[in-house]
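Scroll down for the structure; my scribbles are underneath it.
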Amino acid sequence: MGKKLKISIIILIILTIAIGIYLSDYQHAEPTATDYLNGTDNVSVVKTSNGLLLDGYGNDTALIFYPGAKVEYTSYLPMFTQLAGQGVDCYIVEMPFNLAFLGKDSADSIINNSTYEHYFVSGHSLGGVMAADYAAHSNSTDGLILFAAYPSNNVTVPTLSIYGSNDTVLNMENYNKTESLIQGNFTEFIIEGGNHAQFGYYGPQSGDGQASISAESQQQQCVDEIIKFISQYT
């Protein structure tokens, strides 16, 4: 075996190990979230081919949610269980290696294999960017709901953007620059005292600001705003 080939093999092995370590290092769901895996009196949790369906009493409208980068998808169960309990069924997508850009078209299989009249796509942080990208090229969505995120392409469907006033992970310069890409009806809601991580339960996030409200309060405000937003377009 030639010296160059040996060096190439060693580099490949090192890169493979490094990628494996990176992909296996993610933020896990806290028990506050995983306690919802068995559902509630009003909401059933159903395992699907690419995540979970939170099935409440509604049968007309569904929200498809893309989690934040390197965040376990079950971290968001409490907020979307609340939403499903108010009539909007929710799909939480389990992304490959917890990275939404590896499954940005995941909504296709959900929409193609269900019979709701209205679909809204949503996402947190990187998941929101990918949800916006999906909404930009799909004709199957009635609206887009962003949590601490912004689009990278023109979006023509109605859009609700929610972020916390204490969020120091969200790049506000990019957020403000890309607002012009939202060409449909635009609604913005700022959660006073909220931060980046409290949309789910996965622990503190590096670089984030300190929240001055509870995660329960932050998520309840989200649910209230989502219900108001969706009711305008269904």
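The values are calculated or read from the model by the stated rules, or taken from the named source; none is laboratory data. These numbers were taken from a predicted model, which means no experiment stands behind them. Quick reminder, even Gly has a Cβ in these numbers, built from the backbone with ideal geometry, and neighbours come from all protein chains shown.
Per the listing D60, D41, D108, the residue uniquely touching a His at 6+ places or on another chain (Cβ under 8 Å) and either over 30 Å from E179 (Cβ atoms) or surrounded by fewer than 19 Cβ atoms within 10 Å (Cβ to Cβ) (or both) is D60. Scanning region 58-90 for residues that are of a type outside the set (A, V, I, L, M, F, W, C), over 18 Å from K228 (Cα atoms) and part of a loop (DSSP other than H, G, I, E, B) turns up P67, G68, K70, E72.
Just one of the numbered conditions (1) more than 22 Å from A29 (Cα to Cα); (2) under 17 Å from the mean Cα position of the chain (by Cα); (3) among the polar types (S, T, N, Q) is not true of S231: (2). Of the numbered criteria (1) in contact with a strand residue (DSSP E or B) (Cβ under 8 Å, 6 or more places away or on another chain); (2) without any contact (Cβ under 8 Å) to a residue 40 or more places away in the chain; (3) crowded, with 17+ Cβ neighbours inside 10 Å; (4) more than 23 Å from L77 (Cβ to Cβ), the one P158 fails is (2). Looking only at residues in region 199-229 that are in a loop (DSSP other than H, G, I, E, B) and touching a His at 6+ places or on another chain (Cβ under 6 Å), the one that is surrounded by the most Cβ atoms within 10 Å (Cβ to Cβ) is Q205. Mind checking which residues of region 210-234 are touching a residue at least 24 places away in the same chain (Cβ under 8 Å) and touching a strand residue (DSSP E or B) at 6+ places or on another chain (Cβ under 8 Å)? Passing the criteria: A211, Q218, Q221, C222, E225, I226, F229, I230, Y233, T234.
Just to verify a result, which residue in region 74-113, among those that are among the small types (G, A, S) and farther than 11 Å from T61 by Cα, is modelled with the lowest pLDDT?
Per the criteria, the residue is A100.
If K47 satisfies all but one of (1) in contact (Cβ under 8 Å) with a residue 12 or more places away in the chain; (2) in a strand (DSSP E or B), what's the number of the condition it fails? Of (1) in contact (Cβ under 8 Å) with a residue 12 or more places away in the chain; (2) in a strand (DSSP E or B), only one is false for K47: (1). For region 186-193, the condition of being surrounded by fewer than 22 Cβ atoms within 10 Å (Cβ to Cβ), of a type in the set (S, T, Y) and modelled with pLDDT under 95 holds for none of the residues.
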